[in-house]
Amino acid sequence: MKYTITETKCETYQIIGFQNASDDTDVYFEEDMNHAPLRFGILYQHLDGKTIDNPVGVLPQPFEAACRGESSDWKLVRVDICEKELELGFMSTKGTEMLKGTSMFRYSGQSVYLKSFVGALTVEARRQGTSVLDHYNIEMHDESDGATEEGQWIATIRESRYGKEYAYEVLTRKHDGETYLKSFRYD
């Protein structure tokens, strides 16, 4: 077994349900329907006047049901973590014909933004070929709880794969203004 520490420049940390979900195009196709949705939950949030920005008409069913993977109309396919913002990318399960007269369907996507979110959340993802869910415990920080000599912590992430701890990661804005991901991992 080896233990590695890596640090890379990184603007966004993405958790995706399938490869096409990383494109951020908000257009999905029939093969994408076969993938299990991500499951997202807020453990706690420091409110202090902060609100969830959920534009009218984005999700026809309750937001919480779509986040839990229980919506028949929407699947959570992407969670993006970046400085001062979480983006939840959803895929509609109601397809429309891409070209009239063809059997190709496309499925639209929508995003919900949680701006200036500070608190803890969880994300679960089903990796293909296993029944054990990947699990992410994430804590979003602000200036009051994440400042270090190296810079400002944006988020800390504990990732488990196959039921075992896989990595501990820290997304940080350094004093040079750049964002980095430092990863501590057992291989």
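The values are calculated or read from the model by the stated rules, or taken from the named source; none is laboratory data. What you are looking at is a predicted structure, and each value in this text was computed from that prediction instead of being measured. Ideal geometry is used to build each Cβ from the backbone, glycine not excepted, and the neighbour counts take in all protein chains shown. We work out accessible area using only protein heavy atoms, side chains counted, and drop any ligands, DNA or RNA first. Shrake-Rupley method; radii C 1.70, N 1.55, O 1.52, S 1.80 Å.
Any idea which of 177, 119 is open to solvent by less than 20 Å² (accessible area, probe 1.4 Å) and either out of contact with any Leu (no Cβ under 6 Å at 6 or more places or on another chain) or in contact (Cβ under 8 Å) with a residue 12 or more places away in the chain (or both)?
On the way: 177 fails: open to solvent by less than 20 Å² (accessible area, probe 1.4 Å).
Selected residue: 119, the only one of 177, 119 that is open to solvent by less than 20 Å² (accessible area, probe 1.4 Å) and either out of contact with any Leu (no Cβ under 6 Å at 6 or more places or on another chain) or in contact (Cβ under 8 Å) with a residue 12 or more places away in the chain (or both).
Hey, can you tell me all the residues within segment 136-173 that are open to solvent by 50 Å² or more (accessible area, probe 1.4 Å) and modelled with pLDDT of 90 or more?
Across segment 136-173, the qualifying residues are 137, 139, 153, 158, 161, 164, 165, 166, 168, 173.
Is it the case that residue 107 is within 17 Å of residue 37 (Cα to Cα) and of a type in the set (Phe, Trp, Tyr)?
Against the criterion (within 17 Å of residue 37 (Cα to Cα) and of a type in the set (Phe, Trp, Tyr)), residue 107 qualifies.
Take the residues of segment 1-30 that are assigned to a strand (DSSP E or B) and aromatic (Phe, Trp, Tyr): which is least open to solvent (accessible area, probe 1.4 Å)?
Checked segment 1-30; the qualifying residue least open to solvent (accessible area, probe 1.4 Å) is 28.
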